[in-house]
1. Within the range 14-30, identify whether any single residue is surrounded by 14 or more Cβ atoms within 10 Å (Cβ to Cβ), out of contact with any His (no Cβ under 7 Å at 6 or more places or on another chain) and under 26 Å from Leu104 (Cα atoms), and answer yes or no.
2. Looking only at the range 138-164, filter to residues that are part of a loop (DSSP other than H, G, I, E, B) and under 18 Å from the mean Cα position of the chain (by Cα); which one of those is nearest to Ala116 (Cα to Cα)?
3. Counting only residues that are among the small types (Gly, Ala, Ser) and farther than 18 Å from Phe77 by Cα, how many does the range 24-45 have?
4. Would you mention how many residues in the range 176-215 are assigned to a loop (DSSP other than H, G, I, E, B) and of a type in the set (A, V, I, L, M, F, W, C)?
5. Within the range 61-89, can you find the residues that are polar (S, T, N, Q) and under 23 Å from Met199 (Cα atoms)?
6. Kindly indicate the residue of the range 39-81 that is touching a Gly at 6+ places or on another chain (Cβ under 8 Å) and part of a loop (DSSP other than H, G, I, E, B) and also farthest from Leu159 (Cα to Cα) among those meeting that condition.
7. Counting just the residues of the range 114-136 that are β-branched (Val, Ile, Thr) and touching a strand residue (DSSP E or B) at 6+ places or on another chain (Cβ under 8 Å), which one comes out surrounded by the most Cβ atoms within 10 Å (Cβ to Cβ)?
8. Of all the residues that make up the range 10-25, how many are touching an Asp or Glu at 6+ places or on another chain (Cβ under 9 Å) and either more than 26 Å from Leu96 (Cα to Cα) or part of a helix (DSSP H, G or I) (or both)?
Amino acid sequence: MVDIAENLAQVQQRISAACERSDRSTEEVQLVAVGKKFTAQVIREAADCGLNLFGENRVQEAKIKIPDCPGHLRWHFIGNLQTNKCKDAVALFDMLHAVDSLHLAEELNKRCEQLAKVMPVLLEVNVSGEGSKHGFTPEQAIEVTQAFFDFPKLELHGLMTMAPFSRQAESARPYFRKLRELKSDCEKKLGAPLPELSMGMSGDYEIAIEEGATLIRLGTTLFGPRSQANKD
């Protein structure tokens with residue numbers, strides 16, 4: 001059985017060490033615990049360990065899970081979002097990490113207007129250029145930021161990316177660094193700060209922190225392999 005408390009303690013030590021190496025405060029980094037395929041019971045156990053920010057990447061799974069979890073928890077949607085799921089996503093989540101098109105932003109803005117809700121969002125950027133990944137190109141992202149003035153119910157808080165898979169964490173560094181540099185370019189174009197960088201997962205989150213991540217998305221390093229999700 002996975003010991004979430006022990007795993008969390010190890011993660012927190014590594015976060016602290018990465019922050020120290022990069023001359024940052026641990027308060028600058030938020031841990032998003034990714035509960036994909038894990039039950040509400042596991043989320044409740046994690047909440048008992050002190051976690052209060054959780055990420056889901058499937059709206060249908062979140063619709064079932066979130067009502068069975070403590071009401072004080074915060075929820076971020078971190079997956080690819082289809083327009084036909086926008087209504088539920090806006091109702092369920094406190095932030096959306098992966099806005100990857102203006103068409104999606106337009107639909108989200110409409111749904112937010114219907115619910116009288118302002119939604120913080122992040123632009124997903126395909127920094128690596130991999131065809132298997134969603135998101136704007138870096139060049140598109142710089143231009144697209146200004147389009148969010150047309151979406152009064154969406155607050156653009158920053159950028160999000162996924163590095164290419166590698167067993168060597170260090171190989172992710174150039175992609176995370178590029179996203180940090182792109183954020184600065186977007187801020188200049190926008191004329192406003194973009195405080196959030198969502199980057200780094202279980203295999204490379206320490207590198208992401210060193211390169212400026214403010215939101216790291218960790219699942220297996222906290223909860224164990226997802227193949228064990230319904231076996232504990």
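Each value in this text was obtained by applying a stated rule to the coordinates, not by laboratory testing. Since this is a predicted model, take the numbers as computed values, not measurements. Here Cβ is always computed from backbone atoms with ideal geometry, including for glycine, and neighbour counts include all displayed protein chains.
1. Scanning the range 14-30 turns up at least one residue that is surrounded by 14 or more Cβ atoms within 10 Å (Cβ to Cβ), out of contact with any His (no Cβ under 7 Å at 6 or more places or on another chain) and under 26 Å from Leu104 (Cα atoms).
2. Among them, the one singled out is Thr161.
3. Going through the range 24-45, the residues among the small types (Gly, Ala, Ser) turn out to be 25, 33, 35, 40.
Narrowing the set further to residues that are farther than 18 Å from Phe77 by Cα leaves 25.
Residues flagged as among the small types (Gly, Ala, Ser) and farther than 18 Å from Phe77 by Cα within the range 24-45 amount to 1.
4. Looking only at that region, the number is 5.
5. Asn80, Gln82
6. Only one residue fits best here, namely Arg58.
7. Per the criteria, the residue is Val125.
8. 7
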